[in-house]
Amino acid sequence: MGYKVAIVGATGNVGREMLSILDERGFPADEVVALASRRSQGTEVSYGDTVLKVKTLDNYDFSDTDICLMSAGGSVSKEWSPKIAAEGCVVIDNSSAWRYDADVPLIVPEVNADAIASFRKRNIIANPNCSTAQLVVALKPLHDRARIKRVVVSTYQSVSGAGKEAADELFTQTRAVFVTDPLENKKFPKRIAFNVIPQIDVFQDDGFTREEWKMVVETKKILDPKIKLVATCVRVPVFVSHAEAVAIEFENPITADEARDILREAPGCLVIDKREPGGYITPYEAAGEDATYISRIREDPTVDNGLMLWVVSDNLRKGAALNAVQIAEVLVNRRLIQPKQKAA
Ligand SMILES: NC(=O)c1ccc[n+]([C@@H]2O[C@H](COP(=O)([O-])OP(=O)(O)OC[C@H]3O[C@@H](n4cnc5c(N)ncnc54)[C@H](OP(=O)(O)O)[C@@H]3O)[C@@H](O)[C@H]2O)c1
């Protein structure tokens with residue numbers, strides 16, 4: 001008997017990717033249910049060769065559902081995840097609603113799969129922010145080798161990280177520039193077409209944005225609370241994949257060659273690092289791929305034991321949907337959940 005899996009937010013950027021990834025990876029699901037808001041009731045989404053009719057989340061009965069992949073934003077998750085969890089369905093949440101709750105494990109399977117053990121406290125497991133997920137996949141093997149003291153990261157984040165309406169805004173604005181229509185900013189605080197915006201999420205009192213704060217707190221929770229991190233998060237006019245320029249300071253010596261060898265063997269990482277024109281990965285090439293790509297590995301001559309990296313990954317996959325499905329796989333492979341008895 002297989003599992004019954006529900007996807008809340010199945011019509012969204014991440015939800016659609018979840019459906020593809022469940023199918024691609026042959027997740028042992030007997031039934032997959034697509035849920036969204038009332039606006040989408042009856043619309044269709046693809047799950048492999050099957051077309052699923054979208055049902056509304058309101059009043060959906062989760063009592064025979066084993067796993068809920070929740071991808072409908074923080075407020076929906078705050079309201080619904082505890083109710084769904086109380087019906088004995090494990091929620092794997094993509095929003096930031098539960099990430100900082102001490103009773104909710106925050107998991108990137110390549111980094112801290114063992115931390116999943118405490119998931120029964122709330123029956124909720126959190127998925128990190130997209131920019132954190134790819135970063136910690138690259139940092140973990142280097143931390144194991146040379147102990148990271150401090151990280152300075154600048155992100156170049158695609159518009160799909162802000163949802164499907166944000167991706168539409170880049171398209172519409174780009175078109176408007178060419179046909180000389182007036183430009184309208186709805187999802188972004190400034191024009192995104194042919195521009196870059198040094199603000200993701202809201203500002204805090206200390207001058208950092210909430211996105212920058214998330215990278216600090218999530219890296220500590222997933223990897224090591226002793227790591228100091230400072231971030232500048234920037235939105236760029238790219239549809240899919242986030243890139244990050246990362247400067248790392250270690251306690252112990254590590255050369256660029258050693259780092260390259262370590263990352264070549266590390267789970268989830270793919271090194272593309274030729275010191276020649278085009279010998280690195282760009283967001284366009286990482287889109288649709290599962291790996292966290294690492295390029296431009298070099299020593300930082302301005303500090304002791306410093307390295308610089310360029311890290312790129314598909315934010316809708318490793319940054320969200322793939323990571324969520326990998327968490328579900330950990331639950332299944334470690335026999336942490338069993339399929340519920342289904343009504344005949
Ligand atoms: N995009 C990324 O890179 C990324 C990475 C990590 C985490 N996340 C998180 O993943 C979540 C989804 O992001 P996204 O990019 O897929 O957003 P999106 O494209 O805007 O999709 C949002 C989804 O949520 C559904 N939804 C909205 N309100 C709902 C309600 N009241 N009840 C049920 N469903 C509702 C929408 O359904 P309708 O079509 O019916 O409106 C849609 O399916 C967010 O929490 C986001 O922070 C995203």
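The conditions are (1) within 16 Å of the ligand (Cβ to nearest atom); (2) under 18 Å from the mean Cα position of the chain (by Cα); (3) among the polar types (S, T, N, Q), and T232 fails exactly one of them. Which is it?
(1)
Going through A102, A85 one at a time, which residue ends up being hydrophobic (A, V, I, L, M, F, W, C), over 30 Å from A256 (Cα atoms) and touching a Lys or Arg at 6+ places or on another chain (Cβ under 8 Å)?
Of A102, A85, the one residue that is hydrophobic (A, V, I, L, M, F, W, C), over 30 Å from A256 (Cα atoms) and touching a Lys or Arg at 6+ places or on another chain (Cβ under 8 Å) is A85.
For the stretch 114-131, enumerate the residues that are within 9 Å of the ligand (Cβ to nearest atom) and assigned to a helix (DSSP H, G or I).
C130, S131 - these are the residues of the stretch 114-131 that are within 9 Å of the ligand (Cβ to nearest atom) and assigned to a helix (DSSP H, G or I).
Taking the stretch 46-69, which residues are surrounded by fewer than 19 Cβ atoms within 10 Å (Cβ to Cβ) and touching a helix residue (DSSP H, G or I) at 6+ places or on another chain (Cβ under 7 Å)?
Within the stretch 46-69, S46, G48, T56, D58 qualify.
Go through the residues of the stretch 288-302 one by one and say whether even a single one is out of contact with any Leu (no Cβ under 9 Å at 6 or more places or on another chain), at pLDDT 95 or above and acidic (D, E).
No - not one qualifying residue is present in the stretch 288-302.
Return the pairs, sorted by first residue and then second, in which the second residue is of a type in the set (S, T, N, Q) and assigned to a strand (DSSP E or B), the first residue lies in the stretch 151-163 and is under 12 Å from S131 (Cβ atoms) and more than 8 Å from the ligand (Cβ to nearest atom), the beta carbons are less than 7 Å apart, and the residues are 6+ apart or on different chains.
S154/T232
Which one of the conditions (1) over 30 Å from I297 (Cα atoms); (2) away from the ligand (no atom under 12 Å from the Cβ); (3) among the acidic types (D, E) does D144 fail to meet, given that it meets all the rest?
It is condition (1) that D144 fails.
Test I337 against the stated conditions and say whether it is β-branched (V, I, T), part of a loop (DSSP other than H, G, I, E, B) and within 25 Å of S71 (Cβ to Cβ).
So I337 passes the test.
Within the stretch 10-18, identify whether any single residue is among the small types (G, A, S) and part of a helix (DSSP H, G or I), and answer yes or no.
Looking for residues that are among the small types (G, A, S) and part of a helix (DSSP H, G or I), one finds at least one in the stretch 10-18, hence yes.
What number goes with the only condition from (1) under 23 Å from P225 (Cα atoms); (2) within 14 Å of the ligand (Cβ to nearest atom); (3) touching a Ser or Thr at 6+ places or on another chain (Cβ under 6 Å); (4) without any contact (Cβ under 8 Å) to a residue 60 or more places away in the chain that P105 does not pass?
(2)
Can you name the condition, by its number, that E165 falls short on among (1) over 30 Å from V111 (Cβ atoms); (2) within 20 Å of the chain's Cα centre (by Cα); (3) surrounded by 15 or more Cβ atoms within 10 Å (Cβ to Cβ)?
It is condition (3) that E165 fails.
Based on what the data block shows, is A324 in contact (Cβ under 8 Å) with a residue 40 or more places away in the chain and not in a helix (DSSP H, G or I)?
Judged against the criteria, A324 is not a match.
For the stretch 286-301, enumerate the residues that are within 18 Å of the chain's Cα centre (by Cα) and either touching a residue at least 60 places away in the same chain (Cβ under 8 Å) or surrounded by 14 or more Cβ atoms within 10 Å (Cβ to Cβ) (or both).
A286, A287, E289, D290, A291, T292, Y293, I294
Among the residues of the stretch 32-88, which ones are more than 22 Å from E329 (Cβ to Cβ), assigned to a strand (DSSP E or B), of a type in the set (A, V, I, L, M, F, W, C) and within 8 Å of the ligand (Cβ to nearest atom)?
Hit for the stretch 32-88 is A36, nothing else.
Could you please give the count of residues in the stretch 1-31 that are aliphatic (A, V, I, L, M) and near the ligand (Cβ under 7 Å from one of its atoms)?
Going through the stretch 1-31 one residue at a time, the tally reaches 3.
Whether any residue in the stretch 17-24 is at pLDDT below 95 and surrounded by fewer than 23 Cβ atoms within 10 Å (Cβ to Cβ) is what I want to check.
no
Condition check: surrounded by 14 or more Cβ atoms within 10 Å (Cβ to Cβ) and at pLDDT below 95. Does N13 satisfy that?
Working: surrounded by 14 or more Cβ atoms within 10 Å (Cβ to Cβ): yes; at pLDDT below 95: yes.
Yes, satisfied.
Are any of the residues in the stretch 302-318 touching a Phe, Trp or Tyr at 6+ places or on another chain (Cβ under 6 Å), surrounded by fewer than 19 Cβ atoms within 10 Å (Cβ to Cβ) and without any contact (Cβ under 8 Å) to a residue 60 or more places away in the chain?
no
The values are calculated or read from the model by the stated rules, or taken from the named source; none is laboratory data. Nothing here was measured: the structure is a model prediction, and the numbers come from that model. Because the Cβ atoms are built from the backbone with ideal geometry, glycine has one as well, and the counts that use them run over all protein chains shown.
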